[in-house]
1. Solvent-accessible area of W228, probe 1.4 Å, all protein chains present, reported in Å² to the nearest ten, please.
2. Probe 1.4 Å, all protein chains in place: accessible area of H319 in Å², nearest 10?
3. Among the trypsin sites (Lys or Arg not before Pro) within the stretch 36-89, which fall in a DSSP loop and have no more than 14 other Cβ atoms within 10 Å of their own Cβ?
4. Round to the nearest 10 and report in Å² the accessible area of S327, as given by a 1.4 Å probe over the protein chains' heavy atoms.
5. State the percentage of accessible surface on the chain attributable to carbon and sulfur atoms; use a 1.4 Å probe and exclude ligands, DNA and RNA.
6. Going by Cα centres, the stretch 120-157 and the stretch 205-255 are how many Å apart?
7. Helix by helix through the chain, keep the DSSP H runs that span 30 Å or more along the axis on Cα and average at least 0.5 on Kyte-Doolittle, and give those back in order.
8. Filter the GluC sites (Glu not before Pro) in the stretch 1-106 to those in DSSP coil with at most 12 other Cβ atoms within 10 Å of their Cβ, and list the result.
Amino acid sequence: MKIKTKESASALIALLSTVVVAVVLVQAEVRWLPAVLTVLITFALIFVAALFLIRKYVAYKLKPIYSIVLSRNVSTREILEELQDKRVENLGEELTAWADTNDREITRLKEAETFRKQYLGNVAHELKTPIFNIQGYISTLLDGGLEDELINRTYLERADKSILRLINIVSDLDTINKLESNMNSLARDTFDVVALAREIAEQAEMEADKRGIKIEVKGADNLPSPFWVSADKHYVGQVLVNLIINSIRYGKEGGKTRLKFRDMLDKILIEVEDNGQGIAKEDQPRIFERFYRADKGRSREQGGTGLGLAIVKHIIEAHGERISVRSEQGVGSTFSFTLKKVPVRELDK
Ligand code: ADP
């Protein structure tokens, strides 16, 4: 027989006691009416007393658990009141759910801690290289290199390049930090994203020319139509800069970067496509991580910080949108993201 509730346990105790009383009454040959009354009263009294004691015992045993779960001192009386309209057996389920939530929270905190450690390690590692380089160049200059016409200028130029690298890393870190702490304070500007893309493409032209790359900005059906969006213009500009710079950095010499726009119901799809070296399948899911580089050599040589795409992803997601990449090695890469469209009828308001 399984005893599942405090009531059934009390009933069983009462029943056993009543049987003993009944046997005694029969032995003593008590008359049937007082005997039946005594049996009933005994049952009722023992049932109530047992129920009260079991409740008290359970509440006493649950006290430390309740105090842990609620993180405060809980009195036995509070638990007794709680148990009046709750079955003890449901408490098991509730506690398991609480423990599961706690487990998940602990796992999340552990992951966040691992991420924080890795991130700090990466930042230190990234800063170390240019700092040590600068130190090396300056030491050589101080050790007599300054008087050597052959190396003084070269070493100063190299130190200058390393300083620029430091500035780029710190500025990208600063952007990520700002994005993380002000996720909800993005501006909602209404602007023509094609015009913005043209402006940025023009600014990148000099960089593109160095590798003989042409940048094309095309609207729908190759027409220069405006595409009105509602987004933070400054940050969307930064997304376009980072994607265009990457398409030049990892693009093919003499190749092409195309910016395309597509009207898709309530969104505008923006694509930055190059015909460069492409990204290996196994690297594609990771390129948006901070400091992850698929092509370490080219990234460093071209002054990449490894943070460009992490910033891009942050900005797009802060807008509640998504960014994705399609790429094939040796063929090229296409980065696509969406922005909220502003219907033409709303523009006149
Ligand atoms: P980085 O400063 O190194 O360019 P990003 O975060 O911008 O950092 O990019 C991460 C990595 O993704 C790059 O190191 C590069 O290997 C790869 N990548 C980004 N854009 C492209 C692209 N258009 N074509 C090929 N590889 C790319």
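The values are calculated or read from the model by the stated rules, or taken from the named source; none is laboratory data. In this text the structure is predicted, and so the values were computed from the model without any measurement. Every residue, glycine among them, receives a Cβ derived from its backbone with ideal geometry; neighbour counts consider all protein chains shown. For accessibility, only protein heavy atoms count, side chains too; no ligands or nucleic acids. Shrake-Rupley method; radii C 1.70, N 1.55, O 1.52, S 1.80 Å.
1. 90 Å²
2. So the heavy atoms of H319 present about 20 Å² to solvent.
3. Those satisfying the criteria are R72, K86, R87.
4. In the full protein context, S327 sits at about 20 Å².
5. Heavy-atom surface of the chain belonging to carbon and sulfur, 1.4 Å probe: 57 percent.
6. 35 Å
7. Length and hydropathy pass: 6-27, 32-70.
8. For GluC sites (Glu not before Pro) across the stretch 1-106 that sit outside H, G, I, E and B with at most 12 neighbouring Cβ atoms in 10 Å, the list reads E29.
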